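Have a look at the structure below before the remarks.
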Amino acid sequence: MSQATVTHHHAHHFASADDEFEAAKQGMWVFLVTEVLMFGGLFVAYGTFRGMYPEMFHEAHKMLSVPMGALNTVFLITSSLTMAMAVTSAQKGLRSRTTGFLAATFLLAGCFLVVKYFEYMHKIHDGLLPAGFFTNHELTNPKAPLFFSLYFVMTGLHGVHVLIGMGLIAWIMIKNQKGYFSPAFYTPVELVGFYWHFVDLVWIYLFPLLYLVS
Amino acid sequence: MSHDKHHGNDHKGGGHHFILSYKSATLVGLTLLVLTAVTVGIAGIDLGRFNFFVAMVVATIKALLVALIFMNLRNDKLENGIIFGASFMFLAIFFVLTFADLFFRGDVYWKEKGQPFPPIAGVVGKPKFKKAWNQTPEILAHGKQLYAVQCVSCHGADGKGDGPAAAALIPHPRNFHSNEGWKNGRKLTMVFKTLKEGIPGSGMASFATLPAEDRWAVAHYVLSLNGPAEKDSAADFAKIGVDPNKEDAGGSEKPTIPVAVAMERMAEKDTIRVTTIRRPYLMKEGTAEGVGAQIYRTQCASCHGERAQGGVEVKNLGGFPNTIVKTSPIGNVDSGRFQEVVLKGLPGDLMPGHGEFSVSEIRELYNHVRTLKQ
């Protein structure tokens with residue numbers, strides 16, 4: 001299993017490896033704060049327009065496919081689970097198991113994007129596009145393009161996060177294979193985990209807000 | 001739970017850091033999936049306003065599970081919890097202040113849906129006639145005026161059924177100088193009924209958009225064109241739902257302005273959706289000149305006059321052929337109506353809608369019009 005290992009030395013401005021870990025983690029939390037506020041702005045915009053045009057939201061959301069959205073929710077939640085297990089495995093020093101869970105997470109993220117791709121293609125085909133690009137004739141509500149502006153911006157930004165997450169997961173997977181991590185040092189795995197759980201967290205709200213408007 | 005970073009060896013995992021067991025992770029994952037199923041399931045049941053509430057509560061439970069267990073916030077240092085929690089606090093402030101402003105400021109100015117609109121000044125005004133079914137010289141004169149605006153195009157200036165549009169209409173418009181061919185009957189109540197309901201399948205449209213007293217007035221007038229009409233019995237009054245012992249013009253009917261009724265109809269036809277407009281709208285009298293004045297001069301003055309005084313005759317080509325409507329002063333129109341009329345316009349070719357105006361443009365326009373009236 002653990003053939004080659006690379007020992008991690010904490011940077012000299014930290015008193016200990018633990019200090020370094022705590023500092024890195026706190027940095028991650030601070031970063032996630034900025035993320036909350038970035039998505040937060042979009043959620044406020046969403047709330048504003050939904051409050052102004054409740055009927056339009058109700059009509060427009062029917063154009064989204066609940067099964068697809070639900071499937072994607074399942075993918076993301078399961079990927080959060082495998083990510084958590086990857087962190088546990090890394091903490092226990094089970095290298096190939098860590099790689100396995102990371103690979104599973106990566107694949108689930110890929111599935112999410114594939115589903116999203118089909119959803120987007122479908123919307124594009126039906127002319128359910130933001131603002132001036134909107135050409136759909138089924139939806140008569142003059143404000144309907146607004147819903148799709150929100151839909152594409154919100155899921156688009158989230159999708160970019162998924163893509164970045166996949167890159168990060170691939171990166172730690174390779175590092176893990178090269179033996180960079182051990183029970184004494186697994187900071188990157190844990191922090192990418194944080195990021196990934198956050199991506200899941202955003203989707204947990206996006207799904208009911210966009211797909212299940214009542 | 002210890003927050004001592006240097007000696008963090010007392011955490012449940014036994015090692016340096018807390019380790020989440022595979023089993024607990026799986027349990028949390030399964031709970032999250034079950035909650036997802038709950039969210040989808042509940043969305044299918046109609047709980048009214050509670051659907052949204054329940055969905056958000058479930059989402060928040062899920063978010064807490066992810067944050068506390070997967071992200072292990074529950075064993076993390078308190079300060080990290082505070083940092084992350086603070087972002088949600090700021091988000092909450094963002095939400096509350098924005099929404100408070102957006103959805104409650106307008107209440108000061110906006111009428112709730114369902115309140116009757118006041119009649120259009122100039123075209124209608126306050127009801128002038130009590131027991132409008134009794135003929136008086138005043139009501140007859142009023143009917144004559146209305147006839148000239150509303151009916152001439154089909155029934156002709158003299159009421160002979162030979163207006164400019166008559167030739168194209170089959171059946172031809174009624175000749176009021178004859179007793180022949182009356183479908184509803186040549187009685188005051190029946191003309192009133194005709195005006196309310198129209199004659200289906202013919203060019204005679206419903207004039208329910210006219211206030212009841214106007215319909216009485218014009219009915220008096222058309223009947224005055226020929227010999228005495230048949231007397232109305234109590235049963236006739238009952239048929240049209242009017243109690244002749246009451247004072248008001250149309251029995252239980254409230255005068256509705258053409259604008260509101262026509263817009264309702266358009267809503268039925270789905271061409272324009274009339275929703276309760278609850279838009280942000282801040283009115284500070286007379287603050288904005290520039291934009292408002294400019295828009296008014298270029299887009300409104302031609303029909304409403306240099307000083308919003310009205311009195312300009314506008315042809316309505318859309319509704320009934322060539323009706324001419326005199327515009328009324330608009331300086332006193334309340335803000336809600338102002339925005340609605342300006343955004344949607346009036347039916348037919350009366351007044352163009354300006355859906356392209358932004359809220360602030362309309363506000364400036366409104367302020368400008370208010371200053372004009374002085």
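The values are calculated or read from the model by the stated rules, or taken from the named source; none is laboratory data. Only a predicted model underlies this, so the values are computations on that prediction, with no experimental measurement involved. Counting neighbours? That spans all protein chains shown, and the Cβs are built from the backbone with ideal geometry, glycine included. Protein only, heavy atoms only, side chains kept; ligands, DNA and RNA dropped before computing areas. Shrake-Rupley method; radii C 1.70, N 1.55, O 1.52, S 1.80 Å.
Figures for the structure shown
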quantity: Condition met for B:VAL218 (assigned to a loop (DSSP other than H, G, I, E, B) and either modelled with pLDDT under 85 or out of contact with any strand residue (DSSP E or B) (no Cβ under 7 Å at 6 or more places or on another chain) (or both)); calculated: no
quantity: Region B:145-174, residues that are within 20 Å of B:ALA217 (Cβ to Cβ), β-branched (Val, Ile, Thr) and either assigned to a loop (DSSP other than H, G, I, E, B) or not assigned by TED's automatic domain parsing to the domain that holds B:MET204 (or both); calculated: none
quantity: A:ALA24 vs. criteria out of contact with any Gly (no Cβ under 8 Å at 6 or more places or on another chain) and either part of a helix (DSSP H, G or I) or closer than 23 Å to B:ARG74 by Cβ (or both); calculated: yes
quantity: Unmet requirement for A:LEU150, which otherwise passes all of (1) within 14 Å of chain B (Cβ to nearest Cβ); (2) open to solvent by less than 50 Å² (accessible area, probe 1.4 Å); calculated: (1)
quantity: Considering residues of region A:173-191 that are open to solvent by less than 10 Å² (accessible area, probe 1.4 Å) and in a helix (DSSP H, G or I) only, the residue nearest to the other protein chains (Cβ to nearest Cβ); calculated: A:VAL189
quantity: Subset of region A:97-110 (residues that are crowded, with 17+ Cβ neighbours inside 10 Å and touching a residue at least 24 places away in the same chain (Cβ under 8 Å)); calculated: A:THR98, A:THR99, A:LEU102, A:ALA104, A:THR105, A:PHE106, A:LEU108, A:ALA109
quantity: Residue in region A:45-65 that is within 11 Å of another protein chain (Cβ to nearest Cβ), open to solvent by less than 30 Å² (accessible area, probe 1.4 Å) and within 30 Å of B:THR26 (Cβ to Cβ) present; calculated: no
quantity: A:PHE118 surrounded by fewer than 17 Cβ atoms within 10 Å (Cβ to Cβ) and in contact (Cβ under 8 Å) with a residue 24 or more places away in the chain; calculated: yes
quantity: Qualifying residues in region B:171-209 (those that are at pLDDT below 90 and aliphatic (A, V, I, L, M)) - the one nearest to B:ALA157 (Cα to Cα); calculated: B:MET204
quantity: Single residue of A:LEU42, A:LEU32 found to be crowded, with 16+ Cβ neighbours inside 10 Å, facing chain B (nearest Cβ under 8 Å) and in contact (Cβ under 8 Å) with a residue 12 or more places away in the chain; calculated: A:LEU32
quantity: Per-region count, region A:127-144, residues within 14 Å of A:GLU59 (Cβ to Cβ) and either in contact with a Lys or Arg (Cβ under 7 Å, 6 or more places away or on another chain) or of a type outside the set (Gly, Ala, Ser) (or both); calculated: 10
quantity: Residue in region A:71-82 that is part of a helix (DSSP H, G or I), open to solvent by 20 Å² or more (accessible area, probe 1.4 Å) and over 25 Å from A:ASN176 (Cα atoms) present; calculated: yes
quantity: Residue under evaluation A:MET85, criteria (1) touching a strand residue (DSSP E or B) at 6+ places or on another chain (Cβ under 9 Å); (2) aliphatic (A, V, I, L, M); (3) at the interface with chain B (Cβ under 9 Å from one of its Cβ atoms), criterion not met; calculated: (1)
quantity: Exclusive hit being more than 9 Å from chain B (Cβ to nearest Cβ), in contact with a strand residue (DSSP E or B) (Cβ under 7 Å, 6 or more places away or on another chain) and of a type in the set (S, T, N, Q), set A:THR5, A:THR98, A:THR105; calculated: A:THR5
